[in-house]
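Peer 1: Structure provided below as structure tokens; questions to follow.
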Amino acid sequence: MTDVAQDLYLDLLKKVLTDIIYEDRPDDRAPFMANSGFDLERRTNGVDWPQTAHTMIGLRRLDNLRHCVETVLADDVAGDLIETGVWRGGACIYMRGILAAHGVTDRTVWVADSFEGMPDTEEADHAVDRKMRLDQYNDVFAVSLDQVRENFARYGLLDGQVAFLPGWFSETLPAAPIDKLAVLRLDGDLYDSTTDALTSLFPKLSVGGFVIVDDYKIPSCRQAIHDYRDAHGIEDELVKIDGESVFWRRTI
């Protein structure tokens, strides 16, 4: 594609994935969202739970994702792309779309999720996870593997460059057949989910690659990030994306 065609395709893909085209209203099951209408600012910042859109991370975080993927492509940073915690698959679909727009055929998008929603947090290790009880919203969060595959197919992006890792992170990620990563996007919400993903996958991240933390605003997720960084002497700058999220680029 030409640069103009890439921009047009990826901008349209972003708008469809967030369903701002038809102004998809928030799901009434979401906290504090009952009977509220579509709000572009909320959808931009990824702070609502859409009814039909394929991602809830919002436009700004999709822009960040594009920046990270296109930067590793431009800088020839080795490795695949992964998201841990994918919901309906929208962010992974966007990563696959970016690769397609740039004609990249030698990288895989890994789609890691339980496809059963959140684990039981009633006896979670972290007090915030126990208090939030995100598993009580599994009627929203649980999206089947078949449905996510179908969502990829609807965009014409389900092919051999998409690989699925179904199951709990503690069980699937340590043995995942991934050699190197260039982009690691964390969206597991909880302390243990975040720690499990970092422990198994950060060592595979190439220098020059990116870590994106979707749920940094959640105290338990934020603590998991800082505990891991402190334990491994990681001092790379955390850069704010929006009110919810941060990212950093690996330098050593």
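The values are calculated or read from the model by the stated rules, or taken from the named source; none is laboratory data. Computed from a predicted structure; not experimentally measured. Please note: Cβ atoms are built from the backbone with ideal geometry, for glycine as well, and neighbour counts cover all protein chains shown. We work out accessible area using only protein heavy atoms, side chains counted, and drop any ligands, DNA or RNA first. Shrake-Rupley method; radii C 1.70, N 1.55, O 1.52, S 1.80 Å.
Peer 1: Go over the candidates I252, I225 one by one and state the one that is at pLDDT 95 or above and either among the polar types (S, T, N, Q) or open to solvent by less than 20 Å² (accessible area, probe 1.4 Å) (or both).
Peer 2: One residue alone meets the criteria, I225.
Peer 1: Give me a count of the residues in region 106-117 that are open to solvent by 30 Å² or more (accessible area, probe 1.4 Å) and either modelled with pLDDT under 80 or among the small types (G, A, S) (or both).
Peer 2: Adding up the residues that qualify gives 0.
Peer 1: Tell me which residues, restricted to region 57-84, are open to solvent by 20 Å² or more (accessible area, probe 1.4 Å), in a loop (DSSP other than H, G, I, E, B) and either in contact with a strand residue (DSSP E or B) (Cβ under 6 Å, 6 or more places away or on another chain) or touching a residue at least 60 places away in the same chain (Cβ under 8 Å) (or both).
Peer 2: Passing the criteria: D75, A78.
Peer 1: Considering region 1-17 alone, what residues qualify as being within 13 Å of G103 (Cα to Cα), in a helix (DSSP H, G or I) and open to solvent by 80 Å² or more (accessible area, probe 1.4 Å)?
Peer 2: If the condition is that a residue be within 13 Å of G103 (Cα to Cα), in a helix (DSSP H, G or I) and open to solvent by 80 Å² or more (accessible area, probe 1.4 Å), then D3 is the only one that fits.
Peer 1: Turning to a different aspect of this structure: Tell me which of these Y228 doesn't satisfy, since it passes every other one: (1) more than 21 Å from L65 (Cα to Cα); (2) among the aromatic types (F, W, Y); (3) not in a helix (DSSP H, G or I).
Peer 2: Condition not satisfied by Y228: (3).
Peer 1: Could you say which residue among D48, D27 is open to solvent by less than 30 Å² (accessible area, probe 1.4 Å), under 22 Å from N151 (Cα atoms), modelled with pLDDT under 95 and in contact with a Phe, Trp or Tyr (Cβ under 6 Å, 6 or more places away or on another chain)?
Peer 2: None of the other options fit; the residue is D27.
Peer 1: Can you tell which of G208, G188 is crowded, with 18+ Cβ neighbours inside 10 Å, in contact with a helix residue (DSSP H, G or I) (Cβ under 7 Å, 6 or more places away or on another chain) and either assigned to a loop (DSSP other than H, G, I, E, B) or not acidic (D, E) (or both)? Don't jump to the end; show me each part of the working.
Peer 2: On the way: G208 fails: crowded, with 18+ Cβ neighbours inside 10 Å.
Just a single option satisfies the conditions, and that option is G188.
Peer 1: Which residues, taken from region 142-174, are over 16 Å from the mean Cα position of the chain (by Cα) and at pLDDT below 95?
Peer 2: Listed by number, the list holds a single entry, S170.
Peer 1: Within region 130-158, track down each residue that is free of Cβ contacts under 8 Å to residues at least 60 places away in the same chain and not in a helix (DSSP H, G or I).
Peer 2: R133, A142, V143, S144, G156, L158
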